[in-house]
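Q: Sharing a structure with you now.
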Amino acid sequence: MSQTTGLTTISEEDIARHQAVAQSMVTRVVVLVTQDGSSSTPLAGTNRRFVSTVSTRGMRKTREIELGKTIQSVRANDQMLSIPQHTLLYRTRRGISVALAVAEIFARQTDLESLQSRNAGAPLQGEEAERFKRLLSASAYVAAFTLAAYILQTVDGESEPANDTEEPDFQFDTPQDALKSIVAALDEAISGAPDEVAMTARARALARVAIEGLISRRARFDALGDFAQSHMRLESDNFTLDGFDVGPGQRRKPLVMSFKKPNEIIGNHLAKHQAMRLARMIVAYDFERQLNPFVELGGFLFTFIGDGAPGTGKTILIQMLAGMINDYCEIAGYPFHYENFGVDQISSYQGKSGQNCKAFVDNVLNPRAIGFGTIDDIDQVAAKRSDDRASAGQQEVTAVLMEAFAGASTVVRGNCSFGMFSNYPENVDDALRQRAGARWLVDGPQSLDDYIDIFALLAGKNHSIPLGAHDLFANQEIKQAVARSYDGHDQPQEEGLLSVWERFASENGKVTTIADIGAYLHRIKLAEPRFTGRAIKNITDAIKMRAMDIDLPDEWFETPDTFMHKAYDDKVAMISELRKPFTIEMVLQEINRYADSEFRYTDRSDATAVDDIIRRERQRERALREIEAMKRDGRWNQ
């Protein structure tokens, strides 16, 4: 076992010592099971089983488990194991060895190891015996959790059955007993599987149910505090154990994505600018303190929503942001996890969509990695709570995301960010949409220069067509483009908000004080009831972000030691030196940007409703004309 800062590496020597025991467990093991009072033999001519009038519930009987044979029986007509069968058998055996090695690490971290050696010489008495028993049970818990986590991370599978998997009958007397109980449950779960896909799915479901059952029992065991903070890694198997903070999910694969560079995006200046800022903010996260200086100083973007018409560049913006974060993480040696939650994870099983969404959120929130999570086409994934046509799965996703983004238990550490993207943000539930701390209008190329630039970029160089009177890409220079974009919000752009602005200016004059700002916000509230206290918080967060809208020097991110590997307090001091106060102009620009988006969503929603009514009325008039024609021709009563 080698030790680095916060990381324990599980050695192959420790694992190899337990291979014989692991092999015996997957070959043949005898376990005690609780009887349920019913016979295992059906009555002749019926599908019912004999139930004794004498209660045997709570009594235990032995049961012989031969996991290898059960796996073999999935394809009984072939003596050789298929690749999925061999994978499950091998990973279970390997997982048992790893679990026993981790239990040994736990014993060394506590005084269980010394108590074991003393108990071997002479039985312990009194308080020492009680402590020995408690620590042994805790090591059994650790072993069971490790095996379940190992199976879940190393056995790949696309699907899992819903709620038809029973959790193991856990025994926590010793680590071996705990592992036997999981092997017995695994044997029962995969028995009768029709094929290898179902077998693998059932095995993964059992592992997940086992983890949930163990987490619910965690409070019963003491001495788990230190282990809960441990970070263990088995590099050869790509297996990571991060205490008990998050139930381990599916094994993470290397990020495969078509990354884009900022100069490959034409237009969308504000969104591109804020994405570039966010990429650098997020890697300022301090893993030791588990906090980001930008959370403490203000301006960190935990959630945002990007909206725009189809084809304006939302996907390429995601590729740019994920690519920049990935590049910085590679320089710093930080783990990076990107994940998208899409419509394919909406399940017809009750509760399954919510579970999928919770797993997605937990994976991105993991405080031991930099995370970026996206929900593309969120209007299709999460439903309005008032929408009767939405599926139960969509409603579950809405509830999970609302709790995750701004719930009672939400903790923003600054290691991750969530982006919601939609062509129709007016169809997103109001409460969920307002949980987005920033609004990115992804409107694509707009000006004449933008259209010349984007054609020149996409056309490439395999031509001899002259450029003409145009300074190529000069309009895309980020500082000038962002300044122009912010200046465009000195006054509102949406008609509804502009009328509020003009009426306020005519009655009260220019906005110069905090009282003026409050009065303007109140006028907006009267015109748009959805402009709530959360909207004010999002605006103030955006203002703080503008104050932190500083150019972190490029050299800070060229080598890890210059900034990213600095101590937390040093990072705070370096950033604070660059911070600047915000102005009344910034405040008004951010109020108008945010309020414009709310008015835009309302107007678009109302326009859609009006279009629907017009279409229905036209259909009704057409139907009446056709009915009259059918009556004239005598075809109506046929």
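Derivation of every value follows stated rules applied to the coordinates shown; laboratory data play no part. Since this is a predicted model, take the numbers as computed values, not measurements. Quick reminder, even Gly has a Cβ in these numbers, built from the backbone with ideal geometry, and neighbours come from all protein chains shown.
Q: Quick check on packing: order 289-296, 619-626 by the mean number of other C-beta atoms within 10 Å, highest mean leading.
A: 289-296, 619-626
Q: Here is a follow-up. So for the chain, taking the charge dipole from beta-carbon charges (+1 Lys/Arg, -1 Asp/Glu), which of ALA459, THR559, PHE304 sits furthest toward the positive end?
A: PHE304
Q: Farthest toward the dipole's positive end in the chain, which of ALA404, TYR338, MET320, given Cβ charges of +1 (Lys, Arg) and -1 (Asp, Glu) about the Cα centre?
A: Toward the positive end, the furthest listed residue is ALA404.
Q: With a cut-off of at most 11 other beta carbons within 10 Å, and DSSP calling the residue loop, which trypsin sites (Lys or Arg not before Pro) in the range 365-441 qualify? Please list them. Write out the running numbers ahead of the final one.
A: Values: sites: ARG368, LYS384, ARG385, ARG389, ARG413, ARG433, ARG435, ARG439; in loops: ARG368, LYS384, ARG385, ARG389, ARG413, ARG435.
Hits after loop and neighbour filter: ARG389.
Q: While we're looking at this one, here's another question. Which of the following values of Cα extents along the principal axes in Å was calculated from the structure shown: (i) 119, 68, 59; (ii) 80, 54, 43; (iii) 90, 87, 60?
A: It is the one labelled (iii).
Q: Sticking with this one: Scaled to the compact-protein estimate 2.2 N^0.38 Å, what is the alpha-carbon radius of gyration of the range 80-126, rounded to two decimal places?
A: On the way: Rg = 17.2 Å, N = 47, 2.2 N^0.38 = 9.5 Å.
Against the compact-globule rule of thumb, the ratio is 1.81.
Q: With N denoting the number of residues in the range 76-230, provide Rg(C-alpha) divided by 2.2 N^0.38 Å, to two decimal places.
A: Cα Rg divided by the expected 2.2 N^0.38 Å: 1.15.
Q: Here's a follow-up. How would you order 563-574, 277-288 from highest to lowest mean count of nearby Cβ atoms within 10 Å?
A: In decreasing order of mean packing, 563-574, 277-288 become 277-288, 563-574.
Q: Here's another thing I want to ask about it. Counting DSSP beta bridges in the chain, what percent are antiparallel, to the nearest 5? Walk me through the numbers before you get to the answer.
A: Values: 15 of 37 bridges.
If we restrict to bridges inside the chain, about 40 percent are antiparallel.
Q: Now for a different question. Can you tell me the alpha carbon radius of gyration of the range 346-427 divided by the globular rule-of-thumb value 2.2 N^0.38 Å?
A: After normalising by residue count via 2.2 N^0.38 Å, the value is 1.10.
Q: So for the chain, taking the charge dipole from beta-carbon charges (+1 Lys/Arg, -1 Asp/Glu), which of ALA103, ASN508, VAL31 sits furthest toward the positive end?
A: VAL31
Q: Enumerate the amide H contacts of LEU291 below 5 Å, restricted to partners 5 or more residues apart or on another chain; note that Pro and chain-start residues carry no placed amide H.
A: The answer is ASP286.
Q: I'd like the Karplus ³J(HN,Hα) series for the range 230-244: coefficients 6.51, -1.76, 1.60, θ = phi - 60°, whole numbers in Hz, and an x wherever there's a Gly or Pro.
A: In residue order, the calculated couplings are 7, 10, 10, 9, 10, 4, 4, 9, 6, 10, 10, 10, 10, x, 10 Hz.
Q: Once you keep just the Cα pairs under 8 angstrom separated by 6 or more residues, what percentage relative contact order results for the chain?
A: Value for the chain: 12 percent.
Q: Follow-up. Would you grab the residues whose amide H sits under 5 Å from the one on ARG435? Only those 5+ places off in sequence or on another chain, please, with H modelled 1.01 Å from N.
A: Those qualifying (amide H under 5 Å, at least 5 residues apart or on another chain) number zero.
Q: Let me ask another. Apply the Karplus curve 6.51 cos²θ - 1.76 cosθ + 1.60, θ = phi - 60°, to the phi angles in the range 370-379 and return the couplings in whole Hz, x for Gly and Pro.
A: Residue by residue, the range 370-379 yields 7, x, 9, x, 10, 10, 7, 6, 5, 5 Hz.
Q: Give the distance, in whole Å, between the Cα centre of the range 81-135 and the Cα centre of the range 271-331.
A: Value for the Cα centre distance between the two parts: 42 Å.
Q: Another one. Where the only charges are on Cβ atoms (+1 Lys, Arg; -1 Asp, Glu), what is the dipole of the chain about its Cα centre, to the nearest 20 debye?
A: Result for the chain is approximately 1700 debye, rounded to the nearest 20.
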